[in-house]
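The values are calculated or read from the model by the stated rules, or taken from the named source; none is laboratory data. Model, not experiment: these values are computed from the prediction. Cβ placement follows ideal geometry from the backbone for every residue including glycine, while neighbour counts extend to all protein chains displayed.
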Amino acid sequence: MIASLRGRLRARIEDRVILEAAGVGYEVFLPPVTQRALAGASAAGGDGADEISLAIHYHATQNQPRPVLIGFTSELDKEFFEKLITVKDVGPMVAARSLAAPVGEIAAAIARQDEGYLRRLPGIGPQKAKNIVAQLQSKVAKFALLAAEESAGEARPARPAAPLDEDGLRGLVFEVLVKQLQHRPSEAAELISRALSRRPDLTTPEELFDEIYRGSGGRT
């Protein structure tokens, strides 16, 4: 299975590119967000072609023997996509075509249950929007955190894998609750404090968001 590709950009064909890696040309489908990220890359037959790297989702089924490669400019975008395809009735091509906005922005809409925003994405109708919110609302915390950082114009280094201390954890989750989910600061602080009083062992934003949603009956 192909997990990533690095090579020369040989051609663009509508929503696909031909990427040459180790002498082999791979056809890769690009979601709209990836297309925009690569808009400045030059495709050519010789040395003038730009070299690019893509994280790859490999999709093949018995009904579709020819595999489809779906490319992303970051592992984070790929990870979000792979959460999206766990939702009922959202297959890989529907999910890929729906990524017409930055992943962090879409994640923030899911977290705040903004079905209207989701319905404006390509291929996402009312029922799919409901399914996405129902199944992913408590699972997109770190992607919504990305949106908070981008909206602030911050370029933070990648977060370490080590657990955050309580102050760091509170700060990250508070930022999302206020900036992305539109809670009042006092309300956000109370939601966090209640969740941590129930589960003082929590060490990641994802765990804390999950506990906040659980304590509020699935709504924030």
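Are any residues in the stretch 100-113 touching a Ser or Thr at 6+ places or on another chain (Cβ under 9 Å), surrounded by fewer than 24 Cβ atoms within 10 Å (Cβ to Cβ) and aliphatic (A, V, I, L, M), and if so, which ones?
Selection gives nothing.
Looking at ARG112, is it basic (Lys, Arg) and farther than 30 Å from GLN182 by Cβ?
Values: basic (Lys, Arg): yes; farther than 30 Å from GLN182 by Cβ: no.
Spelling it out, it is not the case that ARG112 is basic (Lys, Arg) and farther than 30 Å from GLN182 by Cβ.
Is it the case, given these coordinates, that LEU54 is in contact with a Leu (Cβ under 6 Å, 6 or more places away or on another chain) and not acidic (Asp, Glu)?
Against the criterion (in contact with a Leu (Cβ under 6 Å, 6 or more places away or on another chain) and not acidic (Asp, Glu)), LEU54 qualifies.
Looking at the stretch 1-34 only, could you name the residues that are buried (at least 18 other Cβ atoms within 10 Å of the Cβ) and polar (S, T, N, Q)?
Across the stretch 1-34, the qualifying residue is only THR34.
Examine the stretch 54-69 for a residue that is touching a helix residue (DSSP H, G or I) at 6+ places or on another chain (Cβ under 6 Å), touching a residue at least 40 places away in the same chain (Cβ under 8 Å) and under 22 Å from ALA129 (Cβ atoms), and state whether such a residue exists.
No, there is no match, as no residue in the stretch 54-69 is touching a helix residue (DSSP H, G or I) at 6+ places or on another chain (Cβ under 6 Å), touching a residue at least 40 places away in the same chain (Cβ under 8 Å) and under 22 Å from ALA129 (Cβ atoms).
Looking at the structure I just gave you, is GLU79 part of a helix (DSSP H, G or I) and crowded, with 17+ Cβ neighbours inside 10 Å?
Here the answer is no, as GLU79 does not meet what is asked.
I'm trying to understand the selection: among the residues of the stretch 23-39, which are under 22 Å from the mean Cα position of the chain (by Cα) and free of Cβ contacts under 8 Å to residues at least 12 places away in the same chain?
The answer is ARG36, ALA39.
Looking at the stretch 131-185, which of its residues are at pLDDT below 65 and touching a helix residue (DSSP H, G or I) at 6+ places or on another chain (Cβ under 9 Å)?
ALA147, ALA148, GLU149, GLU150, SER151, ALA152, GLU154, ALA155, ARG156, ARG159, PRO163
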